[in-house]
Amino acid sequence: MTVSSETLLRDLERLEASLGRFPTANDVIRDGHHSVNTYYKRFGHQWRTVEQAYDDWTASGESPVEATRFDWRSLEGAAKD
């Protein structure tokens, strides 16, 4: 069974409300409803790409496109700043 991107992001939203901050990968391992690897496969192989996808989703108010993975390479320049 495939989990939708929106379902993954809503679980992060639930954890954020519970914790009062954006959840870390360890928070998701401990208290999330889905595997961290599911997030990595969907949004990119670094936690900051998962956080960026979440930020984009909350800022836009739109459900993410299911078949599109977040392009984590777009953050490479930001990491050097």
Give the residues of region 30-53 that are under 11 Å from Leu8 (Cα atoms), surrounded by fewer than 17 Cβ atoms within 10 Å (Cβ to Cβ) and not hydrophobic (A, V, I, L, M, F, W, C), sorted by residue number.
His33, His34, Ser35
Inside region 31-80, can you point out the residues that are among the basic types (Lys, Arg), under 21 Å from Thr2 (Cα atoms) and either touching a Lys or Arg at 6+ places or on another chain (Cβ under 6 Å) or modelled with pLDDT of 90 or more (or both)?
Lys41, Arg42
Here are some residues: Asp56, Asp11, Asp27. Which one is over 12 Å from the mean Cα position of the chain (by Cα), part of a helix (DSSP H, G or I) and surrounded by 12 or more Cβ atoms within 10 Å (Cβ to Cβ)?
Asp27
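The values are calculated or read from the model by the stated rules, or taken from the named source; none is laboratory data. It should be emphasised that the depicted structure is a prediction, and the values quoted were computed from it without experimental measurement. Using ideal geometry, Cβ is built from the backbone for each residue, glycine included, and neighbour counts are taken over all protein chains shown.
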